[in-house]
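Peer 1: Have a look at this one.
The values are calculated or read from the model by the stated rules, or taken from the named source; none is laboratory data. All values reported here derive from a predicted model rather than from experimental measurement. Glycine gets a Cβ as well: all are built from the backbone with ideal geometry, and neighbour counts include every protein chain shown. Heads up: the accessible areas ignore ligands, DNA and RNA and are worked out on the full protein's heavy atoms, side chains in. Shrake-Rupley method; radii C 1.70, N 1.55, O 1.52, S 1.80 Å.
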Amino acid sequence: MKTLMRKTAAPLAAALAWLAGLGGLVGAQETAPAHPTTAPDPVPALLPGLVMPALAANPEGDKPRDPLPDPLGYVPGLNGGTKLDLQWPVPADARSVNPDGQDAVSMEELVNNVAHNKVSINMVWVLVTGFLVMFMQAGFALVETGLCRAKHAAHVMATTFLVYPLGMLGFWVCGFAFMFGGYFNGPVAIGWQPPFGQGLQLLNGEFSVELFGKSFGLLGTKGFFLNNDFLDSSVFALFLFQMVFMDTAATIPTGAMAERWSFKNFMLYGGWVGALCYPIYGNWVWGGGWLAQLGVNFGLGHGHVDFAGSSVVHLTGGILALVGSATLGPRLGKYGSDRKPRAMRGHNVPYVLLGSFILAFGWFGFNAGSTLAGTDNHAAIIAVNTMLASAGGALGTTLWLYLTARKPDPTMICNGLLAGLVAITASCAFVSSLAAVLIGLISGVLVVLSVNFLDQVVKIDDPVGAISVHGVCGIFGTLCVGIFANGSYGAGWGGVHTLFKEGAIQTVLNDGTTEALRKYAELTTAGWMDQGVTGIFGTAFGANYNDRGQLTAAFIAVITNMLFVGISGFIWFKVSNLLFPLRSSRQDELDGLDRPEMGVEAYPDYHLSDRTSPPVQ
């Protein structure tokens, strides 16, 4: 031990000495003038092989340097505050940044510090919550694999894994540009600013058409391949956060179409959904397109409002799952000669429960992260509403199963929890805690009824219940905004300011004119209160009035999604079938898709008897 200490003491002492020397350099920089006229001596290299560069001299003396020209064409440093915000190691010591050298902090400097910190906090919030949403993919993989039979386990797990890179690359090529290329031009509240940087001004291209004297945004036109014209931290942060949302929608059909979907055909789908189908509808809602403009164009509430994706993410994935499953047909043996469904049980219930917990954890990033701002304290309310709805969903399913089936199937309870999460996703920011619980309870019953209806009446085979969880409850969740929203959040959402005073209502639309700004300032100064997003039962949950237009906008969004995504998905599955067969061969499906399609088995050391599968006729 003593020998070891002698061997390590010298290098450690050298490292500490070097750090002390570096600290002395930093301290000297903090107290010295900002731009010395002569270069200081370089710090000696106390560690072998390490050379500290000399600080360059400023030939202009104490005059502050101008920032280098920015190749993107907007003011340098705009995305982080100002050109000075990286020059102060200790913000309270202003001598290194104030041009006059006074030992005082200017108001401009304080503002720049605050602005920079706000942008940084929001940036970190968006990134971390995006990482949480990305981890939800592990939850989907466990849930879907556990609900399928063991002989297909590697194949099912591989689809939920590979859809992540396939969808991401499609989103990178053109999906992000189509969805958010015109993000900055969308309808917003008066005084709105991008939460994590002015660099989002780069996303200002939207293809629109004029109908009925109104502009209808259809498709973004900027940001393809995230090329160097968009090499900005705020644009890249938005890409990351929105990409993982796309991936959630993309993976929903992998569960509904499991155990018979050809892997080669699936690979084509993975690129297509991230590049075209999901981004186009997403542009109409989150990219400032025509559904978001229903409020400013036609007075329908605040336009279609989907806070975190009941329609954009879950309904889109659910409709694709419905169309794909119907086109693909049921698994071999699912329906007997009497056309009655037969049970085909999943092989790993613990997988399903563990995956559901992972999804519930990631949903905090999904919903609360959609504030896009760590400085928005409403995130706490969103997170609690999300939890309560999931609890209501799980309880609603459990009670309904006790009433109808006498025993609560754990896998169905998991689907109940997920149904509550899907249903609260659109309205999580706009409802009370009581409404969140009600939404969860209703969705928990709704998912059981839907699973049985699709299985027994419509004869659509969905091994994991994805159509019911994401599609049916996605519809319900989208409508919940127009039903339960209580006006506590979202003032000015969609460019619509609805002001209330003593029973009277006035509306101010943010059309960018000085007249709108003047009217809004006069009304708010006179005591008019700007109410947020409100539904038809808003007053029952604390709102000042009810808004029928919000429910109408939600209904239009649901019908639009079903038509656009449904037709697009049907065409895609038919066309892609011409390139690679949509369905695996009969023998491969009977034997299990692991070995014939993937080349490996999920459980090579175990003899899989497949004893729970019904006989195939």
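Peer 1: Could you tell me what % of all Cα pairs in segment 238-346 have separations over 18 Å? It would help to have the intermediate numbers written out before the result.
Peer 2: On the way: 3385 of 5886 pairs.
Of the Cα pairs, 58 percent sit more than 18 Å apart.
Peer 1: A further question follows. Please give the length that would be gained between Ala504 and Ala516 if that part of the chain were fully extended, namely 0.36 nm times their separation in residues minus their C-alpha to C-alpha distance (nm, one decimal).
Peer 2: Values: separation 12, 0.36 × 12 = 4.32 nm, distance 1.87 nm.
Net length gain for the segment: 2.5 nm.
Peer 1: Based on a Kirkwood Rh over C-alpha pairs, give the Stokes-Einstein translational diffusion coefficient of segment 410-498 at 37 °C and viscosity 0.692 mPa s in µm²/s.
Peer 2: 240
Peer 1: May I pose another question? Across segment 297-355, how large is the tail of the calculated P(r) beyond 13 Å, expressed as a percent of all Cα pairs? Please report the intermediate quantities before stating the final value.
Peer 2: On the way: 1327 of 1711 pairs.
That fraction is 78 percent.
Peer 1: Report the Cα centroid-to-centroid distance between segment 208-244 and segment 453-528 in angstrom, as an integer.
Peer 2: A separation of 22 Å, based on Cα centres.
Peer 1: How many percent of the accessible area of segment 438-595 is carbon or sulfur, using a 1.4 Å probe?
Peer 2: Carbon and sulfur: 64 percent of the exposed surface of segment 438-595.
Peer 1: Still on this structure: Starting from the Cα-Cα distance between Met529 and Phe570, subtract it from 0.36 nm times their residue separation and give me the gain in nm to one decimal.
Peer 2: That works out to 10.1 nm of additional length.
Peer 1: Before anything else, pin down the relative contact order of segment 498-592: Cα pairs under 8 Å, at least 6 apart, normalised by residue count, whole percent.
Peer 2: Answer for segment 498-592 is 16 percent.
Peer 1: Determine the relative contact order of segment 301-450: mean sequence separation of Cα pairs under 8 Å and six or more apart, normalised by residue count, in whole percent.
Peer 2: 29
Peer 1: Averaged per residue, what accessible surface does segment 143-229 expose to a 1.4 Å probe, in Å²?
Peer 2: Value for segment 143-229: 38 Å² per residue.
Peer 1: Additional query: Normalise the Cα radius of gyration of segment 227-276 by 2.2 N^0.38 Å (N = residues in it) and let me know the number. It would help to have the intermediate numbers written out before the result.
Peer 2: Details: Rg = 14.3 Å, N = 50, 2.2 N^0.38 = 9.7 Å.
Relative to the rule-of-thumb radius for its length, segment 227-276 sits at 1.47.
Peer 1: Let me ask another. Kindly state, to the nearest 0.05, the FRET efficiency for Ile559 paired with Phe361, given R0 = 41 Å and r defined as their beta-carbon distance.
Peer 2: So the FRET efficiency works out to roughly 0.80.
Peer 1: Moving on to the next point. When ranked by the protection proxy of mean other Cβ atoms within 10 Å per residue, highest first, what sequence do the peptides 409-419, 596-606, 159-169 form?
Peer 2: Top to bottom by mean Cβ count within 10 Å: 409-419, 159-169, 596-606.
Peer 1: Which three extents, in angstrom, do the Cα atoms of segment 353-504 have along their principal axes, listed largest first?
Peer 2: Projected onto its principal axes, the Cα set of segment 353-504 covers 52, 32, 25 Å.
Peer 1: As an exercise, use a Förster radius of 22 Å and the Cβ-Cβ distance of Gln456 and Leu399 to find the FRET efficiency, rounded to the nearest 0.05.
Peer 2: 0.55
Peer 1: Here's another thing I want to ask about it. Please work out the FRET efficiency for the pair Arg548 and Val128, using the Cβ-Cβ distance as r and a Förster radius of 35 Å; give the result to the nearest 0.05.
Peer 2: For R0 = 35 Å, the calculated efficiency reads 0.35.
Peer 1: Cα-based Rg of segment 540-587 per 2.2 N^0.38 Å, rounded to two decimals?
Peer 2: 2.09
Peer 1: Going from the alpha-carbon gyration tensor of segment 430-472, what semi-axes, largest first and in whole Å, does one get by taking the root of 5 times each eigenvalue?
Peer 2: Details: eigenvalues 130, 17, 8 Å².
So the three semi-axes of segment 430-472 are 25, 9, 6 Å.
Peer 1: Distance check, please: which entries in Lys340/Lys407; Lys118/Lys501; Lys151/Lys340 exceed 28 angstrom between their Cα atoms?
Peer 2: The pairs that break the limit, which is 28 Å between Cα atoms, are Lys118/Lys501.
Peer 1: Using the Cα atoms of segment 285-414 to build a convex hull, what is its mean projected area in square nanometres?
Peer 2: Its average projected convex-hull area is 12.1 nm².
Peer 1: Shifting gears a bit: Hey, could you pull the Cα Rg and Dmax for segment 513-595, both in Å?
Peer 2: Cα only, segment 513-595: 25.7, 75 Å (Rg, Dmax).
Peer 1: In segment 128-261, how does Rg compare with the Kirkwood Rh, expressed as the Rg/Rh ratio over alpha carbon atoms? It would help to have the intermediate numbers written out before the result.
Peer 2: Working: Rg = 18.1 Å, Rh = 16.7 Å.
Ratio of gyration radius to Kirkwood radius: 1.09.
Peer 1: Skipping prolines and chain starts, which residues have an amide H placed within reach, meaning under 5 Å, of the one on Val533, given they are 5 or more residues away or on another chain?
Peer 2: Correct list: Gly487, Tyr489, Gly490, Ala491.
Peer 1: Rg (Å, one decimal) plus Dmax (Å, integer) for the alpha carbons of segment 130-193?
Peer 2: 17.4, 57
Peer 1: Stretch Phe225-Val173 to full length: gain in nm at 0.36 nm per residue minus the Cα-Cα span? Walk me through the numbers on the way to the answer.
Peer 2: Numbers: separation 52, 0.36 × 52 = 18.72 nm, distance 0.45 nm.
Result for the pair: 18.3 nm of gain on full extension.
Peer 1: Step by step: find N for segment 157-224, compute 2.2 N^0.38 Å, then divide the Cα radius of gyration by it. What's the final number?
Peer 2: Compactness ratio reported: 1.41.
Peer 1: For segment 224-346, which whole-number percentage of the solvent-accessible area (1.4 Å probe, protein heavy atoms only) is attributable to carbon and sulfur atoms?
Peer 2: It is 61 percent, rounded to a whole number.
Peer 1: Here's another thing I want to ask about it. Over all Cα pairs of segment 179-317, how is the pair count split among 5 Å bins, expressed in % and running from 0 up to the last occupied bin?
Peer 2: 2, 10, 17, 21, 20, 14, 9, 5, 3, 1, 0
Peer 1: How many nm separate the modelled label positions at Leu211 and Val384, each set 7 Å beyond the Cα in the direction of the Cβ?
Peer 2: For the pair Leu211/Val384, the computed spacing is 4.2 nm.
Peer 1: Please compute, over every Cα-Cα pair in segment 457-534, the percentage with a separation greater than 14 angstrom.
Peer 2: Roughly 71 percent, once rounded to a whole number.
Peer 1: Report D for segment 455-611 in µm² per second (integer): Stokes-Einstein, Kirkwood Rh on Cα pairs, 25 °C, 0.890 mPa s. Could you put the intermediate results ahead of the total?
Peer 2: Numbers: Rh = 20.6 Å.
Once the numbers are plugged in, D ends up at 119 µm²/s.
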